[in-house]
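I have placed the structure first, in the form of structure tokens, so that the comments after it can refer back to it.
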Amino acid sequence: MRLDDEAESQNVEDRRGRGGGMRVGGGIGIGTIIIALAASYFFGINPMTIINGAQVLQGGTEQRQAPASAAPVDDQGGHFVRRVLGNTERTWQHIFQTQVGGQDYPAPKLVLFTDATQTACGTGQAAMGPFYCPQDRTVYIDLSFYRELRERFGASGDFAQAYVIAHEVGHHVQNVIGISDKYEAARARMSEARANALSVRLELQADCLAGVWANVAQQQNAKLIEPGDFEQGLNAAAAIGDDRLQRQSQGRVVPEAFTHGTSEQRQRWLKRGLTSGDIRQCDTFSAQSL
């Protein structure tokens, strides 16, 4: 990607140089579930492991976070994230104006952190991977995840990293246009297996929306996307498919436990967005086949 001419977003909060308290306690809400799904998404961790751990910690225990290391002087990662987020802001504003009834796009906030941080959805930790909290409309990312993406998952390149942000921004779009609320209402009435299947549709839609962003961004700036970029994104989508993560973590595949979709499904829906640039093509909830 060629991001040198992209203006950086002003909606980024850098907490990498801060310490601070992190309160753990209270009931198990959507924040814990989202974080658990994020862990399953990126690392093949059983979501119930995190949920059960949160239950054990109920009771208002106060924990303190060790001071995080300050942002590096040559902060290439921070500049990269700000430029990608800035592009998503401008691109989604255009998409909302042209495809979502002329609405204004309320941009999300993005928080850079190290190790752990407080969120409106509970305590976010680096080991859980990047995630979006609908309660504060914020994307959270510890940039060390990009090293994991490259070294553990074999997905390298600028566009692979941008896809991670664009996927989380896709969740923000779902939140803004009301899909997330409908999803939560439906999920609350379902068995675990059916809820997992519905989660797959939510996540695949976020993949498709990430593709829509890239398509429209390329239309607006032909120099932004370079040869091989889209292939990097598709490789990243395949690397974090549920089936591949389960094989890596437990040596077998359990389809009923999928929450994000197989590698093939993730590639398919990302590619659908990449080729169409049309959010109407991202209706995973009505699709007969994923």
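Extension gain, ALA197 to SER289: 0.36 nm times the residue separation minus the Cα-Cα distance gives 31.9 nm. For LYS109, the lysines whose Cα falls under 24 Å of its own Cα, not counting residues fewer than eight places away in the same chain, are LYS182.
The distance separating the Cα centre of the range 189-229 from that of the range 165-181 comes to 10 Å. Amide H to amide H distances under 5 Å link HIS260 with ASP242, where only residues 5 or more positions off or on other chains count and H is placed in the peptide plane. The alpha carbon convex hull volume per residue for the range 223-267 rounds to 67 Å³. Taking the average, over residues, of other Cβ atoms within 10 Å as the packing measure, peptides 9-17, 238-246 rank 238-246, 9-17 from highest down. Ignoring lysines fewer than eight residues from LYS223 along the same chain, the ones with Cα atoms less than 22 angstrom from its Cα are LYS271. The simple spin-label model puts a point 7 Å past each Cα toward its Cβ; for GLU231 and GLU151 those points are separated by 2.6 nm.
The simple spin-label model puts a point 7 Å past each Cα toward its Cβ; for ARG18 and GLN103 those points are separated by 2.9 nm. Note on ASP278 and ASP5: the extension gain reaches 95.7 nm, defined as 0.36 nm multiplied by sequence separation minus the Cα-Cα distance.
Would you mind counting up the charge near ARG83? Only other residues with Cβ under 14 Å from its Cβ, with Lys and Arg at +1 and Asp and Glu at -1. Charge balance near ARG83 sits at -3. Remark: spin-label model distance LYS223-ARG247 equals 4.1 nm, labels positioned 7 Å along the Cα→Cβ axis. Take the convex hull of the alpha carbons in the range 175-250; its mean projected area over all directions comes to 6.7 nm².
Three principal axis extents describe the C-alpha atoms of the range 159-290; from largest down they are 47, 36, 24 Å. Packing, taken as the mean count of other beta carbons within 10 Å per residue, orders the peptides 156-166, 262-272 from highest to lowest as 156-166, 262-272.
Bear in mind that the values in this text are calculations on the coordinates, not laboratory data. Just so you know, these numbers come straight off a predicted model, no measurement behind them. Reconstructed Cβ throughout: ideal geometry from the backbone, glycine too, with neighbour counts over all protein chains shown.
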